[in-house]
1. Among (1) on the phi > 0 side of the Ramachandran plot; (2) small (Gly, Ala, Ser); (3) at pLDDT 95 or above, where does residue 35 come up short?
2. If only one of 299, 287, 304 is open to solvent by less than 30 Å² (accessible area, probe 1.4 Å) and over 24 Å from the mean Cα position of the chain (by Cα), which one is it?
3. Checking the condition among the hydroxyl-bearing types (Ser, Thr, Tyr), assigned to a loop (DSSP other than H, G, I, E, B), closer than 30 Å to residue 419 by Cβ and open to solvent by less than 30 Å² (accessible area, probe 1.4 Å), which residue from 354, 341, 333 passes?
4. Would the stretch 37-53 turn up any residue that is within 28 Å of residue 396 (Cβ to Cβ) and surrounded by fewer than 21 Cβ atoms within 10 Å (Cβ to Cβ)?
5. Contact list please: Cβ distance under 8 Å, first residue in the stretch 419-444 and of a type in the set (Phe, Trp, Tyr), second residue open to solvent by less than 30 Å² (accessible area, probe 1.4 Å), pairs at least six apart or on different chains.
6. If we scan the stretch 400-407, do we find a residue that is modelled with pLDDT of 85 or more, of a type in the set (Lys, Arg) and under 23 Å from residue 52 (Cβ atoms)?
7. If residue 217 meets every condition in (1) open to solvent by 30 Å² or more (accessible area, probe 1.4 Å); (2) without any contact (Cβ under 8 Å) to a residue 40 or more places away in the chain apart from one, which number is that one?
Amino acid sequence: MQAQQAAPRWRAPGDIVLVSCYEPGYQPLAVASPAAFLTQAGYAPRCLDLAVEDLGGASADRLRHALLVAISTPMHTAMALGLRVAERVRAQNPAAHICFYGLYAHMNQDLLTRATGSAPPIADTVMGPECEEALVALADALQDGKPAPPPSDQLHRLPFLPPAREHLPPLDKYARLLVADERRVTGHVEATRGCLYLCRHCPIPPFYDGRFFAVPADVVLDDIRGQVAAGARHITFGDPDFLNSAKHALAIVRRMHADHPAVTFSFTAKVEHIIAHRDIFPELASLGCVFLVSAVESLSDEILQILDKRHTRQDVLAAIEIVRGAGLSLRPTFVAFTPWTSLDDYLDLCELVTSHDLQHEVDPVQLAIRLLVPPGSLLLGRPELTPFLAPGPFDEKSLTHRWIHPDPRMDRLFEQVTDVAEEAARVTEDPAVTFARIHDLAARAAGKVVPARAARSSASRPPPPRLSEPWFCCAQPTRTQIRLSGHR
């Protein structure tokens, strides 16, 4: 019997390895989508997710033998961890072609492609988001022995494919929806990419510049169907803003509910959109929505104007009432530390959490988020920020332009709150208990005493549904995440 011919290089399983370092607790869509394009082109990519897989044993073997290692960096935490992965690949598999792709790869292109002395660049190729076809073109060129094609800055709509998730860890390895004593397996999809808005602190506008693309409903629903078949009982829509196209969003969740009436969902939307589309929230609740996330960022109208958020403090209060009036939970996110945030502002934020019973709806890490100013940020050059920027070049270790708060107490408070939030996440402390500790730290920094009503161990309402993953894309990596990336 004639021996079976071995698969040619670049087409064999494992020749291409797609690496995800972090996608806030979800099975990584930014790996599953390019995997589908590469598979359609005849390649056999393998996937590695360092959020749930240790970088040792079989994982290390995959990287040592890969011809192309493509590292997904859709957010700050992923980029910080991806640099550590690339360092390890360079040391153990110097012949591999290293590609960084995603939003933060695009923003850090100069860092990634700069050679230092005799050392090669961190990356051989750098791509931004919407790069699935470009990754296929890169694999084709490398297979043919040709130079990697230059990256294109041309942003265009992809012929979207259902993501290929078969080589990723199963969904039960990822975040769960916590509803009372139930822990529901959670899936993750995107109905749109990009965003219409130009919030100055956000990493999305420097690339998308106010553009977004709707993923065809059939592609989204096919992906949902596959994840439900794999055990998902809750779906998170990971769009930067699910209501950038409210009509598209409603069409998808109506069909999802018809096909999977027991499956719940959650999404992210701007405060502005919550107010503009207030009439749809009762229907969203009837279709299975249990909560939504909104980037509130600050309660200071001055800071909101600097960030160009297009909402006010009063709008935030109105949004809370709209969402709760529909029987849903609003989970606000914050940039709690900025150069313009005073101790009184921080205490005001803590007071709002208490007065509106948000202790179980604000993940403690939200009170430890410090403004990041990555390369290309729309805040750079703004007169509001310039006086606070630290002297010296871009900080390559923290991947941000450093700034110094005019009140040293705020920088000390940031360090203290960060330690509390990370330790609380590690031991899964009751968020309300963690919040009370953070509120006390802020009050002490201001020489005040926390009112007795704030030092409660739990909110007056039953804890609303939430995801088990409390970390956030704009937070620095935790010690656990760094350990999984192979650096102890």
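The values are calculated or read from the model by the stated rules, or taken from the named source; none is laboratory data. Everything quoted here is computed from the prediction, not taken from an experiment. Here the Cβ is made from the backbone with ideal geometry for all residues, glycine too, and neighbour counts use every protein chain on show. To get the accessible areas, we keep the full protein, side chains included, count just its heavy atoms, and leave off ligands, DNA and RNA. Shrake-Rupley method; radii C 1.70, N 1.55, O 1.52, S 1.80 Å.
1. (1)
2. 287
3. 341
4. Looking for residues that are within 28 Å of residue 396 (Cβ to Cβ) and surrounded by fewer than 21 Cβ atoms within 10 Å (Cβ to Cβ), one finds at least one in the stretch 37-53, hence yes.
5. So the pair list comes out as 435/350; 435/353; 435/359; 435/362; 435/364; 435/367.
6. no
7. Unmet condition: (1).
Conditions tested, residue by residue: (1) at pLDDT 95 or above; (2) among the small types (Gly, Ala, Ser); (3) touching an Asp or Glu at 6+ places or on another chain (Cβ under 8 Å).
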position: 61; (1), (2), (3): no, no, no
position: 67; (1), (2), (3): yes, no, yes
position: 80; (1), (2), (3): no, yes, no
position: 123; (1), (2), (3): yes, yes, no
position: 143; (1), (2), (3): no, no, no
